[in-house]
Amino acid sequence: MVSESTETESACVPLTRFLAPRYWPVWFGLTVMRLSSLLPYRGLMFVGRHLGNMAYLLIPKRRRIAEQNIAICFPELSRQEQTSLVKRHLQSIGVALMEISLAWWASEKRLASLTELEGLEHLQQAEAEGKGVVLLAGHFTTIEIGGVLLTSHAVFDAMYRKFENPLFEEVMRRKRERWARRVIKRGDFRQMFRSLKDGRVVLYMPDQAFVRKGHLLVPFFGQPAPTNTGTERLTRRTGALVVPFLPTRKADGSGYLIKLYPALIDFPGPDSMENATRINEVFETHVREAPEQYLWMHRRFKDQPGMYQKD
């Protein structure tokens, strides 16, 4: 991994605070994850796919959301093809769970052996401008492992979200501090502005439904979707460039392809609707490259009446 001192946004919470019995199931899960990281890579993938097959049966509510999203976004597919894509997506979710253990505990040497990188020059060229870079990524099931793999070649700030379970949140934050230069709480735009104004690279994922003040309804796979305008806000105020980032699993099961794309030209433009549409077009292009690896179990069109059947 690229060597540079890590800056944290908050002091570590001592893990001794989480010894009460209510945390024991989480400790057990973390122990299983740690041990599973010792499995051969293809063994991890095998276990992950079977976890996904079980999830297809055990989480019907989330499965139905994925089914509805895929039907909305891929109407050209037959019913059988849509069902197959949903099943492969659930397998991808299971694999992602196993990849967390790999991302958190595997050695740099092992991770490097699984990595193929394309387009690093695009990020380097954007960094050379000295205005900061928004590393634009979607919520793919590969984002945790992809972020870790990229840090062998680039230094950037990453974000983390708050979890209901404070033990898992603390462990996740610590693990991300292993590879990120700075860890920023999700939604902390002030810190993101500061990082970009300092010329840093910030990994940012604004592709999920956003229905708060300032959102726009712009097309995503041809359907109006509530869209976050944060990318425009960040770049307009800082002059930062936007470099799309896509990590995917290779079809042959040999590891990961990490792709960086040229910085968006003339972004942001004067029209916010056009800016948001351009960002959604980037995500749509990425999704079409590996549709089963995108996170479909999220109500992307949730403010549109009739889009989702009642659970």
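Taking the helices alone, the chain has a mean residue ellipticity at 222 nm of -14500 deg cm²/dmol, built from -39,500 (n - 2.57) per DSSP H run of at least 4 residues and averaged over all its residues. In a simple Cβ point-charge model (Lys, Arg +1; Asp, Glu -1; nothing else charged), segment 18-293 has a dipole of about 1140 debye relative to its Cα centre. When peptides 181-188, 73-80, 241-248 are ranked by their average number of other Cβ atoms within 10 Å per residue, the highest-first order is 241-248, 181-188, 73-80. Normalised by the number of residues in segment 232-285, the mean separation of alpha-carbon contacts (under 8 Å, six or more apart) gives a relative contact order of 33 percent. With contacts taken as Cα pairs under 8 Å and at least 6 residues apart, the chain reaches a relative contact order of 25 percent. For LYS109, a cut-off of 30 angstrom between C-alpha atoms picks up these lysines, skipping any fewer than 8 places away in its own chain: LYS175, LYS185, LYS250, LYS259.
Using the Cβ of HIS286 as centre and a radius below 15 Å, the other residues enclosed give a net charge of -1, where K and R count +1 and D and E count -1. Summing charges over neighbours of MET307, with a neighbour being any other residue whose Cβ is under 11 Å away from its Cβ, gives +2 when K and R count +1 and D and E count -1.
Seen from ALA240, the other residues with C-beta closer than 13 Å to its C-beta sum to a net charge of +2, counting Lys and Arg as +1 and Asp and Glu as -1. Within the chain, DSSP assigns beta bridges of which about 40% are antiparallel (rounded to the nearest 5). With only Cα atoms counted, the chain has Rg and Dmax values of 19.3, 55 Å. Computed on segment 64-123, the Cα convex hull volume stands at 152 Å³ per residue.
We did not get these values from a lab; they are worked out from the coordinates using the rules stated. Just so it is clear, the model here is predicted, and its values are computed rather than measured. A quick note on method: Cβ atoms are made from the backbone with ideal geometry, for glycine too, and the neighbour counts reach across all protein chains shown.
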